[in-house]
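The values are calculated or read from the model by the stated rules, or taken from the named source; none is laboratory data. Just so it is clear, the model here is predicted, and its values are computed rather than measured. Virtual Cβ from ideal backbone geometry, glycine too; neighbours counted across all protein chains shown.
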Amino acid sequence: EKKLSPADRLAGLEAFDAVLGLNLRILSREDLRLRPAGATLTADEIETRLAERKDARAAKDFARSDAIRDELAAAGVEVMDGDPLGWDWKPAL
């Protein structure tokens, strides 16, 4: 079993991208956050709630932080603390 180098993997993905016309290199995070049609919160509302949660955590108000996380989860949003790519949230599946 031969493993591909990261450069070869990227070249393969770029070839698929060119054939499929996905334009993956120009997609923004917003483009990648597909939301269900019935989503109750907009991306801006989610970002606002995440900022409030960050402030609550900084103030060591963990009950409020957890309440905001639970509110977002109920709205179909998964909070991603410590994500290595820097993502704050994603739609819950």
(message) I'd like to check something: does the range 5-26 contain any residue that is loosely packed, with under 11 Cβ neighbours inside 10 Å, assigned to a loop (DSSP other than H, G, I, E, B) and at pLDDT below 85?
(response) yes
(message) Restricting to the range 27-50, and then to whatever is exposed (fewer than 12 other Cβ atoms within 10 Å of the Cβ) and either in a helix (DSSP H, G or I) or touching a Phe, Trp or Tyr at 6+ places or on another chain (Cβ under 6 Å) (or both), can you tell me which residue is modelled with the highest pLDDT?
(response) Asp44
